[in-house]
Structures are given as C-alpha cells and as structure tokens.
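Novice: Could you have a look at this structure, given as structure tokens, before my questions?
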Amino acid sequence: MKPLAGKVALVAGATRAAGRGIAVELGAAGATVYVTGRSTRAARSEMDRPETIEDTTELVDAAGGRGIAVPVDHLDPQQVRDLIDRIEREQGSLHILVNDIWGQHGEPEWDKTVWESDLEGGLRLLQLGIHTHAITSHYALPLLIKSPGGLVIEMTDGTNDYNADHYRVSFFYDVAKGAVSRMAFALARELDQYDATAVLLTPGWLRSEAMLHGFGVTEANWRDATERIPHFAISESPSYVGRAVAALAADPDVRRWNGKSTSSGELAQLYGFTDLDGSRPDAWRYIVEVQDPGKPADTTGYR
C-alpha cells in the first residue's frame, strides 16, 4: 500500500534527524520527496557533520519513494524561489510542505539570560529557526494551494501546552520555538479558505545522529546510554516522527488538525503506528508526569 503515491513533498531541512526520518517515511508511503539542506557530499554546513542530502535521498529511494536532493540555503530567498520554480516545473504541484529547518552549530547557550548570551550567536539561531521557515512558506505556499488538500507541517520542540508554561532554558531558543508555534497558528488561518491544513508537530526526545554521537552510542545500542541518562529510556527514533507526518498526510480527514499542536506520541496512539522497536513512546506526557517532577525513570505506560 502506497497511500501517498502521486503526492509531492518538500522536506526543508532533511539532511539529518527528524527531517531525514520524515523524508524517508514519506517515501515509504510512496511520495516524491524533495530533500533540501546545506550539507552535501561536496560541502558541509556550519554544523560540520557527515550526513548529506544525497544520503537522505538514497534512503528515500530504498524505502520505496523517489528522493530528489537539492542544495538550498533557506535563508537565501533566491535559492528558495528557484527551488519552488523547479518543483513546479518538474512536478506541476506541491502537496506537502514540512518546515524542519534548524541547522545551528553546537548547543544554544542554556541557562544564560539574554544579556549574558552571545548576541551574534543568538541572532543567528533566530535566523535559522524563524527566518528560514518564513522565507520557505512565502515561496512554497502559492504552489501548494493550487491543489486542494495541501498540508503544511511546522516542526518545533515541545507542544503548545508545554511551551506555554515552561521556559525552554535559553531566551533565544525559547523565542525561536515559540515563534514557530505561532507560525503554525497563523498559517492555519491563512490556509483555511484554500482547503489546506497547517499543523504544529513535535517529536519527543529524539535519537538524532548528533544526540547518539554525543552519548557515545548508536541506534543499535542506544539503551546503553540510559545507564548515565535514565530518562533517555523514553527517547524515540527519527522514523517515529516521520511516521507521524506520513499518517497525517494520508488522513482523508486531516483538516481536523488545522491549527492544532500535536506530538509523535499522541499521533501514534490515534493512528496506530509504532517506532522501529514496535513501541509507542509518549515522551511529552512522560516529561510532564515523570521527568519534570523528578520521579525515577520508569517508562511503564509511556511506551
């Protein structure tokens, strides 16, 4: 079954992590997926990691879809405009847009006030996390709304409810994630008259390539890291949020999600998909009920 056969998707920021997982799962559902990012086999982005957009397209193809790698700096309006012109020229339509761009080098400056933080680094974070999404939507949505039933996924970290009540340990990170949430809200209003849907989606504690590397483990033995970081037991693979996006894209009643905030864990319960290990981790419920209150790590009932 290929529920997304004939559909065209753009995953902006699909080099690695959630973006890669989303691109691959959309391909597994039969979609043609344009994979964009700055890291290619010829050059690396400022993140300076080995993953490339070409690697992602090969995974999309292997999953049963068609991957098309296009090097794009989504801070450059002309590059984004050229990308959308190419999609229209080659495919004639765009049905799914996933705004997953981030691409910051290193970690945000956690536990520092705005006046203690490096201003240049903070403003760069806002550019990568906010400006890229706005530029991409500006050029992509006129093509997306030409076909009824279009879907826009704004990717963030944390549900609306969680982020509304929790400071995300850095002024610039908090502002960036809050702005993406508001983007999804605004897009839902603007797209409503075009029979299109905008959703805010967050993964849980993601086992990205960088996260696994930092913890000194691989996807095969990631549980070894729980000896040092017990709550890592609730973590999920990038495929999990990828399956969440594929489920939304294949839902004939996806309009019910317009303007809403959801998570991979919530959607797994509703659509019935699982992570690679057959479990259904519900990280944000776990974070609120177990991790934040300081309880011992115990995923019973949460995956």
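Novice: 7 Å from Cα along Cα→Cβ at both residue 256 and residue 44: what's the point-to-point distance in nm?
Specialist: Here the modelled spin labels are 4.6 nm apart.
Novice: So how many Å³ per residue does the convex hull of the Cα atoms of region 206-262 work out to?
Specialist: Once divided by residue count, the hull of region 206-262 is 94 Å³.
Novice: Let me ask another. Kindly provide the pair-distance distribution of the chain built from C-alpha pairs, with 10 Å bins from 0 and whole-percent values in order of increasing distance.
Specialist: 6, 28, 39, 22, 5, 0
Novice: Given 37 °C and 0.692 mPa s, compute D for region 100-160 with the Stokes-Einstein relation, Rh being the Kirkwood radius over Cα pairs; round to the nearest whole µm²/s.
Specialist: The calculation lands on 237 µm²/s.
Novice: Expressed in whole Å with the largest first, what are the equivalent ellipsoid semi-axes of region 75-192 derived from the C-alpha gyration tensor as the square root of 5 times each eigenvalue?
Specialist: 30, 17, 9
Novice: Using a Gaussian network model of the chain with C-alpha springs under 10 Å, which one of 113, 159, 52 is most mobile by mean-square fluctuation?
Specialist: Among 113, 159, 52, the largest mean-square fluctuation in the Gaussian network model of the chain belongs to 113.
Novice: On average over all directions, what projected area in square nanometres does region 218-303 have, based on the convex hull of its Cα atoms?
Specialist: 6.2 nm²
Novice: Only bridges with both residues in the chain count here: give the DSSP antiparallel percent, nearest 5.
Specialist: 0 percent
Novice: Could you tell me which chymotrypsin sites (Phe, Trp or Tyr not before Pro) in region 161-264 are loop residues by DSSP with no more than 16 other beta carbons within 10 angstrom of their beta carbon?
Specialist: Within region 161-264, the qualifying chymotrypsin sites (Phe, Trp or Tyr not before Pro) (loop, at most 16 other Cβ atoms within 10 Å) are 167.
Novice: Measure off 7 Å from each Cα along the Cα-to-Cβ vector at residue 166 and residue 58, then give the distance between these two points in nanometres to one decimal.
Specialist: 3.7 nm
Novice: Same structure again: Using only Cα atoms, locate the centre of region 117-157 and the centre of region 243-284, then give the distance between them in Å, rounded to an integer.
Specialist: After rounding, the separation between the Cα centres reads 21 Å.
Novice: Something else about it: Per the Kirkwood definition applied to all pairs of different Cα atoms, how many angstroms is the hydrodynamic radius of region 68-129?
Specialist: Mean inverse Cα-Cα distance, inverted, gives 14.2 Å.
Novice: Now, a different point. Quick one: what Rg and Dmax do you get for region 139-249 from the alpha carbons, in Å?
Specialist: Cα-based Rg and Dmax for region 139-249 come out at 16.9, 51 Å.
Novice: Bins of 5 Å, beginning at zero and ending with the bin holding the largest distance: percent of Cα pairs per bin for region 2-65, please.
Specialist: 4, 23, 31, 21, 12, 6, 3, 0
Read-outs throughout are calculated quantities, based only on the coordinates presented, and are distinct from any laboratory measurement. For clarity, every value in this text was computed on a predicted model and none was experimentally measured. Cβ: placed from backbone, ideal geometry, glycine included. Neighbour counts: every protein chain shown.
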